[in-house]
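Worksheet: the structure to be examined is printed underneath.
The values are calculated or read from the model by the stated rules, or taken from the named source; none is laboratory data. The model shown is predicted, which means the values in this text are computed figures rather than measured ones. We place every Cβ from the backbone using ideal geometry, glycine too, and count neighbours over all the protein chains shown. For the accessible areas, the whole protein counts, side chains as well, though only heavy atoms, and no ligand, DNA or RNA atoms are used. Shrake-Rupley method; radii C 1.70, N 1.55, O 1.52, S 1.80 Å.
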Amino acid sequence: KREIRLRVLSSFAAQPEPSLKITLAQVIGKGDKFETVLQHGAEVGIAHFIPVVSDRSVVKIDQKSIPGKLERWGAILKGAAEQSGRAIIPSIEPVMNLDQLLKNSAELDPLLFLHVGCETLTFDMCRQCVASGKVTVIVGPEGGFSEREIKLAIEKGAKPISLGPHVLRTETAALVAASQLLFCARNLP
């Protein structure tokens, strides 16, 4: 009754975590878009998530619902990490607005801000991120960021970038950005 005996039948080494630690600051989209980003982002290799509310957010978060949402989001991250064979479960912060996020922009450096029509992500930008070992990517809502938010992000040192000529859905943009950064990190000369 007070003892259990185990015999190890086999063991395996966990897959190494990406050398580039990506923090994704994702504006919460409508429906289950944010949960999709969490699930697939954890599978891809994102290390840390920050749920964000912006000026143009369609979703309004009730403060009373945040603890339950964080619990659910943590369970999604745990399941996705287990399914993909990751050695760690990505972490998630409490919900914050973009202004709160940008107050701590020095801690998030380098900071990439996805915005249509800007310079496309390059190997040189990736090289800077790899050199620091970390990067924070901010992805906006379905309608994009307000002019005020764009100006504030740039003032706080965020580098506006695009992921190519096409406009991507918010949940797609997050995964494309992470995939491109991780690919570059593994393949830089």
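Residue by residue through region 112-169, note down the ones that are in contact (Cβ under 8 Å) with a residue 60 or more places away in the chain, closer than 22 Å to Glu93 by Cα and either of a type in the set (Phe, Trp, Tyr) or buried (at least 19 other Cβ atoms within 10 Å of the Cβ) (or both).
Scanning region 112-169 gives Leu112, Leu114, Cys129, Val135, Thr136, Val137, Ile138, Val139, Gly140, Pro141, Phe145, Glu149.
If you go through region 121-148, how many residues are closer than 19 Å to Gly45 by Cβ and either under 14 Å from the mean Cα position of the chain (by Cα) or of a type in the set (Ser, Thr, Tyr) (or both)?
So the count comes out to 7.
Checking the structure you have, find out if any residue of region 5-27 is more than 10 Å from the chain's Cα centre (by Cα), in a helix (DSSP H, G or I) and touching a residue at least 12 places away in the same chain (Cβ under 8 Å).
Looking for residues that are more than 10 Å from the chain's Cα centre (by Cα), in a helix (DSSP H, G or I) and touching a residue at least 12 places away in the same chain (Cβ under 8 Å), one finds none in region 5-27, hence no.
Checking the conditions here, which among Ile46, Ile4, Ile22 is among the aliphatic types (A, V, I, L, M) and farther than 26 Å from Leu111 by Cα?
Of Ile46, Ile4, Ile22, the one residue that is among the aliphatic types (A, V, I, L, M) and farther than 26 Å from Leu111 by Cα is Ile4.
From the residues in region 91-111 that are polar (S, T, N, Q) and outside any strand (DSSP E or B), which one is least open to solvent (accessible area, probe 1.4 Å)?
Ser105
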